[in-house]
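One structure is given here, and the rest of the page talks about it.
The numbers here are math on the coordinates, done by the rules we state, and not lab data. These numbers were taken from a predicted model, which means no experiment stands behind them. With ideal geometry, Cβ positions are generated from the backbone for all residues, glycine too; neighbour counts draw on all protein chains shown.
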Amino acid sequence: MRVHQLAGGDLGCARLLVLLRARVAELPPGDVVELSTSDPVAPIDLPVWCHMTGHEYVGPVDGREQPTYAVRVVADGRATQDGSPWRLAD
């Protein structure tokens, strides 16, 4: 298992999900993405996205300068649409 950092800065959650979707798609199962973001909606949207796609929401990561949330990649995650990662692919 490897941990990968993804800096979301002050992007809104829609753009964050686009970045997260792309990063998760290139990683093997078991790897973790730590997404840092100042978006106040991230702690709500990330668990929902994980529930929808099947990836594991690990939760907040302590000790970081900017709020950071961890997502573990699963082997059988459900694909989402390219431009709309909040919608499952057909």
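For this structure, a couple of remarks:
- Sum of -39500 (n - 2.57) over DSSP H runs of 4+, divided by residues of the chain (222 nm, nearest 500): -8500 deg cm²/dmol
- Summed side-chain charge close to SER38 - residues other than SER38 whose Cβ falls under 13 Å, Lys, Arg +1, Asp, Glu -1: -1
- A Förster distance of 25 Å, applied to the separation of the beta-carbon atoms of TYR57 and GLN81, puts the FRET efficiency at 0.80.
- Proximity of backbone amide H atoms, modeled 1.01 Å from N, is registered between VAL58 and ALA70, VAL71, ARG72 at under 5 Å, excluding neighbours fewer than 5 places apart on the same chain.
- For segment 3-72, the antiparallel share of DSSP beta bridges with both residues in that region comes to about 60%.
- Once backbone amide H atoms are built at 1.01 Å from N, ASP31 has ARG2, VAL73 as its partners under 5 Å, excluding neighbours fewer than 5 places away on the same chain.
- Evaluating 6.51 cos²θ - 1.76 cosθ + 1.60 at θ = phi - 60° for every residue in segment 21-29, the Karplus couplings come out as 4, 5, 5, 4, 5, 9, 10, x, x Hz, glycine and proline recorded as x.
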